[in-house]
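Since the structure comes first, as structure tokens, the remarks are kept for the end.
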Amino acid sequence: MVTPGNITVTGSDLLKEASKIRGFSGRDDYDLSSFLREVDTVLELFRENANTRLFVIQRYVVTKIHGEALNVIRPLGGNSTWEAIRTDVNSMDKNIDKSCL
């Protein structure tokens, strides 16, 4: 249970928040920087527990990545860190010809 100030947040509440991460495909108006910021913000809530953080990355982050971005991170394997995923998705985004979208 997290209690910043006078707000009490349970682990269940935190996982519900993680489940609300919006999917990223790179094909709509939800850009990569917005996705990265959202994930960074949610993962910050789990910084105290590495196992839960890894679970959130695998269950709520990786499953929200679609299209070419998913093809880029798939070779990273099942226990990827957010930092590795972030780096690979970022490099993919820099190599996309935006005029083709």
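The values are calculated or read from the model by the stated rules, or taken from the named source; none is laboratory data. Small disclaimer: the values here were computed from a predicted structure and weren't measured. Here Cβ is always computed from backbone atoms with ideal geometry, including for glycine, and neighbour counts include all displayed protein chains. In case anyone asks, the SASA skips ligands and DNA or RNA and just uses the protein heavy atoms, side chains included. Shrake-Rupley method; radii C 1.70, N 1.55, O 1.52, S 1.80 Å.
Of the residues screened, Ser12 is not one that is open to solvent by 30 Å² or more (accessible area, probe 1.4 Å), closer than 27 Å to Met92 by Cα and either modelled with pLDDT under 90 or hydroxyl-bearing (Ser, Thr, Tyr) (or both). Look at segment 52-79: where a residue is open to solvent by less than 40 Å² (accessible area, probe 1.4 Å) and a partner is among the hydroxyl-bearing types (Ser, Thr, Tyr), sitting 6+ places away or on another chain with Cβ atoms under 6 Å, you get Tyr60/Ser19; Gly67/Ser25. For Ser33, are the conditions met, namely being in a helix (DSSP H, G or I), modelled with pLDDT under 90 and open to solvent by 30 Å² or more (accessible area, probe 1.4 Å)? Taking the combined requirement at face value, the residue satisfies it.
Hey, could you check segment 60-101 for residues that are assigned to a helix (DSSP H, G or I) and polar (S, T, N, Q) and say which is modelled with the highest pLDDT? Out of the qualifying residues, it is Thr63.
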